[in-house]
Every structure is written in C-alpha cells, then in structure tokens.
Amino acid sequence: MTVAEPPRAARTKRRTRIQQENEEKILDSALEVFSQHGFKGATLDAIAEGAGMSKPNLLYYFRRKEDIHAALMEELLDAWLEPLEALSAEGDAMREIRAYLRRKLDMARERPRESRLFASEVMSGAPRIEEYLHGRLKALVAEKVEVIRAWIAAGKIRRVDPYHLIFAIWSTTQHYADFDVQVRIVMGVEGDGHIDDAARFLEDLFLKGLAPEG
C-alpha cells in the first residue's frame, strides 16, 4: 500500500490544536470526495472547498492527493479488519456468525463513506492497496477459513465453502453502504431502521442455511 508522506504540519515540533483540527477537516472532506468520485475523479480543489480552506492552505498539510488518500486508507484498513478479527474459534459457531453479521452491518450503518471508498479502490483494480490484499487481508481470511472448517468438522454448521461464506457476508452487508441511495429509493425509507430489518433477515437467511442437518 502507498505510504503517506508526512504532511509539513506534522513535522513541526509541537502541532497546535488548530493544525490538528484542520487536518481532520481535510481528511473528512477527502473521505466525502473520494467516496463519491473515486481517486481519479477527486481533486485537491474539491477537497479544499469541502474543508473550507484554500488550496495553498491544504497543501501546507498534505503535499499531494496521493498522500491524503493514503492517510485515509491506512486508517480505514485497520478498521476494516476488526469485524473479522473478532470472529472467535472459542465461541459458539452460530453466535459468532450472527455477531459477525451484526458487526458488518454496524459498519455499513456507521461508516458508509469508508465502505464506498474501499469498494471504489477495489473496483479500480486496487492499485494502492494490492499489498494489503495480498498480505494482511488474505492471511486473516485464511485464518478464519480454518476456524469455519473446524466448525464444519465438529458438526457445528452445515458443510459449506468457507471462502464463499465470507464473501457472501461481505456482499450482503456492505450492499447497504455501497448502494445506500438505491436501497433508500427502492424501499422509500429514511433513517437507518431498514438496517435493523436487514440484520434480522440476514441472520435468518444465513443461520438457517448453516444449521447442521438433523
């Protein structure tokens, strides 16, 4: 993954409260711009406008668009692993899967822009996070695949392909973030109560489908 070049503001011996607040404003604006327009469509001008500052002022904090994107991705990728990391081999299989579904839907509810940013990066070929996909993510998925295989061997869940089970959970839960506009228009809903309905539906769908035969 591309490593962000430290912003000039971060090189000062002591960062002021205003510097910290401005950096947060830039990153929040960048998250909105990148999640809507992707990396190629995002511009420093749009990010600066969203942050309520001039472009020269923004450049005091980040030299390049690539540095802003890398800073966002570093924070996002750490958070992205947490729901899967929490899937425990020591817990009851059905409860662990239910909890994983809930954690993923919580992310769709609370961090939809981050989900769209990740999806945009992957759909563009993952040029800036390919190392992460080959490394941390692949290793973690392989670890949890073995957990699921152990549950299958113990008769705790039905025999399924662990990889496709994980992919199915990703696709169904992240849909509520990545296609939020479509979901709201089709359902005619406001607020986020439909995500609670989705949680109940997906729990029923997955858990009944995974219940051991007999």
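Values quoted throughout were computed directly from the atomic coordinates according to the rules given, and no laboratory measurement underlies them. Since the model is a prediction, treat every value here as computed from it, not as a measurement. FYI the Cβ positions are ideal-geometry reconstructions off the backbone, even for glycines, and counts take in every protein chain you see.
Tell me, in nm to one decimal, what length is gained between Ala139 and Glu190 on full extension, where the rule is 0.36 nm per residue of separation less the Cα-Cα distance?
14.5 nm
Work through the residues other than Lys144 whose Cβ is under 12 Å from its Cβ and net out their charges, Lys, Arg +1 and Asp, Glu -1.
Computed value for this residue: -2.
Could you list the GluC sites (Glu not before Pro) in segment 18-99 that lie in coil according to DSSP, counting only those with at most 10 other Cβ atoms within 10 Å of their Cβ?
Glu90
Apply 1/(1 + (r/R0)^6) to the Cβ-Cβ distance of Ser88 and Thr16, taking R0 = 45 Å, and write down the FRET efficiency to the nearest 0.05.
Efficiency at R0 = 45 Å is approximately 0.60.
Where in the chain are the DSSP H helices whose alpha-carbon span along the long axis reaches 27 Å or more and whose Kyte-Doolittle mean is at least -1.0?
Span-like helices, by this rule, are 17-41, 65-85.
Looking only at segment 70-101, which residues have a backbone nitrogen under 11 Å from a spot 7 Å from the Cα of Val160 in the C-beta direction?
Answer for segment 70-101: 94, 97-98, 101.
State the label only: which of [x] 23, 20, 18; [y] 39, 24, 12; [z] 37, 20, 14 corresponds to semi-axes √(5λ) of the Cα gyration tensor in Å computed from the shown model?
[z]
As an exercise, use a Förster radius of 45 Å and the Cβ-Cβ distance of Ala119 and Lys208 to find the FRET efficiency, rounded to the nearest 0.05.
With a Förster radius of 45 Å, E is 0.95.
Only four residue types carry charge here, +1 at the Cβ of Lys and Arg and -1 at the Cβ of Asp and Glu. Report the dipole size of the chain about the Cα centre in Debye, rounded to the nearest 20.
It works out to roughly 420 debye.
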